[in-house]
Amino acid sequence: MKSLLMIALLSWGALAGASAQESDLVKAANAAKAKRPATTTKKPKVITNADVKKAKSQLGTTTSSTTGEQAPPPAAAKSTVPAMSPDQLFRARRDAEDRVAKNEKKVAELEKSLDLIEQAFYSENDPTYRDDVIQKRFEQTKRQLTDARKELADARDALAVLQPSQLRNPATP
């Protein structure tokens, strides 16, 4: 116990001695800090529950001026998905995920095919065959790849609409 106390006192003494001897760099930094004007920035106000209760406006609610009833939600907040049972929703989501996976696979295959056709184009020594056959195959595959990418984007958009975060019922908060 005494040795532990002795070690603590020695380390504290070493730290106190080190802080007493300031280097030139520390002195220059302290001098520069003293020359700077004091900052006048205010600390941000923390909003509490009491502040919210005291607020004069009603946050997040919209009422009709004549009847006092709540106004319907804006059209943009409504989901584009028709009302479905949980089972139908699950199946639609699964079908959309399958469609995305199928289109991703198709895009990957077409990209690989396009790379192989391009390599064949540059490795072919016969300019007539290269320009007549390989060039046409390259352009056709490139069109197919563009169409497949568009289908993939459409499939991803359809899946995004069916995700749980997009399916909030506008009538409930």
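K106: under 30 Å from L89 (Cβ atoms), basic (K, R), in a helix (DSSP H, G or I) and at pLDDT 90 or above, yes or no? Let's see the steps before the verdict.
Numbers: under 30 Å from L89 (Cβ atoms): yes; basic (K, R): yes; in a helix (DSSP H, G or I): yes; at pLDDT 90 or above: yes.
So K106 passes the test.
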Practice item. Six or more apart or on different chains, Cβ under 6 Å: which pairs go from a residue in the range 146-165 that's within 13 Å of E104 (Cβ to Cβ) to one that's of a type in the set (G, A, S)? Could you list them? Key: L159/A96
Check your understanding: Among (1) at pLDDT below 90; (2) outside any loop (DSSP other than H, G, I, E, B), where does L116 come up short?
Key -> (1)
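The values are calculated or read from the model by the stated rules, or taken from the named source; none is laboratory data. The structure presented is a predicted model; accordingly, all values stated were derived computationally and were not measured. Using ideal geometry, Cβ is built from the backbone for each residue, glycine included, and neighbour counts are taken over all protein chains shown.
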